[in-house]
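K.L.:
I am attaching a structure below and will ask some questions about it afterwards.
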Amino acid sequence: MQAERAQSDTVEFDVRTDEMLINMGPQHPSTHGVLRVVLRTDGEVVSEVTPHIGYLHRSAEKIAEKLTVRQYLPYTDRLDYLAAMNMNLGWALTVEKLLGRRVSEKTRHLRVIIAELNRIASHLVAAGCFGLDLGSFTPFMWTFREREKIVDLFEEICGARLTYSYLLPGGVTAGPPDGWFGRCEAFLDQFDPVIDELHALLTSNAIFIKRTADVGVLPPEMAIDYGCTGPVLRASGVDWDLRRDGEPICTEMYDGYTWQVIAPTGGRYPDDHPYPPVPPEAVVGDSWHRFFVRMLEVVQSMYLIRQGIEKYSADDGELDKPIKIKEKLPKGEAYLETEAPKGQMGFMIVGDGSAVPWRVRIRSSSFCNISPLPELCRGVLIADMPAILASLDIVLGEIDR
Amino acid sequence: MNARNIYDLLLQPFKPWLTGHDFEAIDPWIEVGGEGLPEIARFLRDQDELAFDMLHCVTAVDYFEPDEKKAAKVQWQPYLELIYHLSSTKRRHRLVLKVKLPRWKDDRPGELPEVPSVSGVWSTADWHEREVFDLMGVRFLGHPDPRRILCPEDWEGHPLRKDYQMPTEYHGIQTR
């Protein structure tokens, strides 16, 4: 890629090109929310990228200083609205960490099922929008068709289709309706072959590989330095997942489950999988790998859900009830990061002895994942920039809070 | 390695800058003086047995009670607290670093307190420090790009301060 570019530079040596500033956004169709990016371009080559965020800033942290922790739950839905259940879970676990509580086994299994279902939904949106950002419309329709089925399942369980407020601190107000797990399994059964279709559509698609392989390579050291987490970090070959490596309150949730962390350590994926091989052009840490890691994670989430349903049905315990609306918080602070689909979502609650937190901090995964964008986009073609942005899979609701 | 061991390692080279600690808290923390922060940060990152290669989050808490009745009851004097959440992907341990700052530099309201930036040590700090400056009003000395990040560039005040007053209008738009 670099060599090709250098050659074209020499060929067009006497064609004079001026630097030009191009404004992308704040409502550019290939951005994931209201993001504005200013590109300094020299012909087709981007020399500098400046992201401007904050268009969706809704003072989420300030609002939290006026509400009790249970009242605040609906606001967490509006952070990463594509994975609202995972946001609820992160908030619930942080509150439980501060209160020093643990939930029952049955509640824990329900949480695993719900969180992993939402992870699939979020990764489907990521895959679909990736296609859309590269100019192909079909993947978007196909992934949204599947996501719709998950959203239907969630609607059945809590009544909402986007902002669920279901996984409350302490437990849930009501368990799933009768027959829900059967429908959940039916969804997984019909989803299995669809994954192959999606792989045929994008993963091994020659145009897709050409657009994403060796584009926006994020080396592991840089990913760690910028605080990138989730699939973005794992695609750079760092074997790190809070569901396995996090604090006890996160890892206990997945006790007894068998699954794998997907990361191409040493350039190889952990398992022999039936999906397309890594194309020779792809480099660990590039946009293609970020896409592929998500696609393989979807399969792991399906394993987890199947195990969860089995464990949930075998458990004769009770589901826990949520904490009181005006539950008093102890003095002290608790910070917890959980593995949300887009990366490590962190909440910090400072309690002062009353029911309302003194201060709440939201550490956003997308905020950190987008911050290396200026480094990744230096020297790429303008058309590669949406590809890199799409591969980072950001949600502006979470970045701007 | 737990916070107590890390504290022991820091004690030798940085004793005058270590101003407090709590190893029994939910998240054990070590408090350091602001002027020693970049050196301590570099030490935490580069020492092989510490290897804190990832900075997760930089944030600040404003300990100021605007309600006068309640303020009489609280024990602490008003101050700002910076909090750095660190972890190591190599050694798999975590640490919380704190820095205590006055709410205003030299107690002159409007003069932002100052602390050295650690954006040269961890790149995560670049955007996070901009956010703390924007919302909490802390000036990070040596920051490469000290602009606001979430609020508009001409916004006045720092909204997460406890005594912040929302402006009544912004460019002719009524805000309340």
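The values are calculated or read from the model by the stated rules, or taken from the named source; none is laboratory data. These numbers come from a predicted model, not from an experiment. Here Cβ is always computed from backbone atoms with ideal geometry, including for glycine, and neighbour counts include all displayed protein chains. Surface areas here come from the heavy atoms of the whole protein model, side chains and all, with no ligands, DNA or RNA. Shrake-Rupley method; radii C 1.70, N 1.55, O 1.52, S 1.80 Å.
K.L.:
In whole Å, what are the Cα extents of chain B along the three principal axes, biggest one first?
P.N.:
56, 39, 28
K.L.:
Other chains' Cβ within 10 Å of A:370-377 residues: what's the mean?
P.N.:
Taking the mean over all residues of the peptide, I get 1.
K.L.:
Now for a separate question. When a/c is below 1.5 the answer is rounded, else prolate if a/b is larger than b/c, else oblate, so apply that to the range A:81-130 with a ≥ b ≥ c taken from the square roots of the Cα gyration tensor eigenvalues.
P.N.:
It is oblate, given that a/c is not under 1.5 and a/b is not larger than b/c.
K.L.:
Can you list the residues, at least 5 places off or on another chain, whose amide H is less than 5 Å from the amide H of A:Gln344, using H built in the peptide plane?
P.N.:
Here the answer is A:Thr229, A:Gly230, since their amide H atoms fall under 5 Å of that of A:Gln344.
K.L.:
Charges on Cβ only, +1 for Lys and Arg, -1 for Asp and Glu, centred on the Cα centroid of the protein assembly as shown; of A:Thr251, A:Tyr226, B:Pro78, which one is farthest towards the dipole's positive end?
P.N.:
Farthest along the dipole direction, towards plus: B:Pro78.
K.L.:
Can you work out the Karplus-derived ³J(HN,Hα) for every residue in the range B:44-52? Use 6.51 cos²θ - 1.76 cosθ + 1.60 with θ = phi - 60°, whole Hz, and x for glycine or proline.
P.N.:
My calculation for the range B:44-52 gives 4, 6, 8, 5, 5, 7, 8, 6, 6 Hz in order.
K.L.:
Next up: Provide a whole-number value for the mean count of partner chain Cβ atoms within 10 Å of the Cβ atoms in peptide B:14-27.
P.N.:
2
K.L.:
Shifting gears a bit: Taking the alpha-carbon distance from B:Lys100 and a cut-off under 16 Å, which aspartates and glutamates remain once sequence neighbours fewer than 8 residues away in the same chain are dropped?
P.N.:
A:Glu333, B:Asp22, B:Glu31, B:Glu35, B:Asp62, B:Glu81, B:Glu114, B:Glu129
K.L.:
Continuing with the same structure: Which of A:Ile157, A:Ser47, A:Tyr72 sits closest to the plus end of the dipole of the protein assembly as shown, meaning its Cα is farthest towards the positive end, when Lys and Arg get +1 and Asp and Glu get -1 on the C-beta?
P.N.:
A:Tyr72
K.L.:
Rg and Dmax of the range A:252-401, Cα atoms, in Å?
P.N.:
Rg, Dmax (Cα atoms, Å): 20.2, 59.
K.L.:
Using only the Cα atoms, work out Rg/Rh for the range A:268-354, with Rh taken as the Kirkwood radius, to two decimals.
P.N.:
1.15
K.L.:
Could you tell me the convex hull volume per residue, in Å³, taken over the Cα atoms of the range A:51-104?
P.N.:
103 Å³
K.L.:
So, with a 1.4 angstrom probe, what is the percent of accessible area on the range A:82-182 that is carbon and sulfur?
P.N.:
Whole-percent figure for carbon plus sulfur exposure: 56.
K.L.:
Which aspartates and glutamates does A:Lys106 reach when only Cα atoms under 20 Å apart count, and residues fewer than 8 places away in its own chain are ignored?
P.N.:
Result set, ordered by chain and number: A:Glu96, A:Glu116, A:Glu156, A:Asp178, A:Glu185, A:Glu252, A:Asp255, A:Glu310, A:Asp315, A:Asp316, A:Glu318, A:Asp320.
K.L.:
Could you tell me whether the range A:101-210 comes out rounded, prolate or oblate from its Cα gyration tensor? Rule is a ≥ b ≥ c as square roots of the eigenvalues, rounded for a/c under 1.5, then prolate if a/b exceeds b/c, otherwise oblate.
P.N.:
It comes out prolate by the Cα gyration axes.
K.L.:
Check B:Ile149: other-chain or 5+ apart residues with amide H under 5 Å from its amide H, H built from backbone geometry?
P.N.:
Under 5 Å from the amide H of B:Ile149: B:Asp134.
K.L.:
Here's something else I'd like to know. Would you tell me the mean number of C-beta atoms belonging to other protein chains that fall within 10 Å of each C-beta in A:353-360, as a whole number?
P.N.:
Rounded to a whole number, the mean comes out at 2.
K.L.:
Given the pairs A:Lys331/B:Lys90; A:Lys66/A:Lys331; A:Lys62/A:Lys97; A:Lys328/B:Lys162; A:Lys326/B:Lys162; A:Lys326/B:Lys70, which are separated by over 25 angstrom at their Cα positions?
P.N.:
Over 25 Å apart, Cα to Cα: A:Lys331/B:Lys90.
K.L.:
So what's the Cα pair-distance distribution over chain A, bin width 10 Å, in %?
P.N.:
Over chain A, the share of Cα pairs per 10 Å bin runs 5, 23, 32, 24, 11, 4, 1, 0 percent.
K.L.:
Which of A:Ser365, A:Ser391, A:Ser204 ends up with the largest GNM mean-square fluctuation for chain A, with Cα atoms connected below 10 Å?
P.N.:
Greatest mean-square fluctuation among the candidates belongs to A:Ser204.
K.L.:
Which of B:Asp27, B:Asp154, B:Asp46 moves most in a GNM of chain B, Cα contacts under 10 Å?
P.N.:
Most flexible of the set in this elastic network: B:Asp154.
K.L.:
Let me ask another. Using the heavy atoms of the protein chains and a 1.4 angstrom probe, tell me the accessible area per residue for the protein assembly as shown in square angstrom.
P.N.:
Accessible area per residue, the protein assembly as shown: 41 Å².
K.L.:
When the dipole is taken about the Cα centre of the protein assembly as shown, and only Lys, Arg (+1) and Asp, Glu (-1) are charged at their Cβ, what size is it in debye, to the nearest 20?
P.N.:
Once rounded to the nearest 20, the dipole reads 1660 debye.
K.L.:
Give me the one-decimal Kirkwood hydrodynamic radius in Å for the range A:182-321, with the sum taken over alpha-carbon pairs.
P.N.:
Hydrodynamic radius (Kirkwood, Cα only) of the range A:182-321 equals 16.6 Å.
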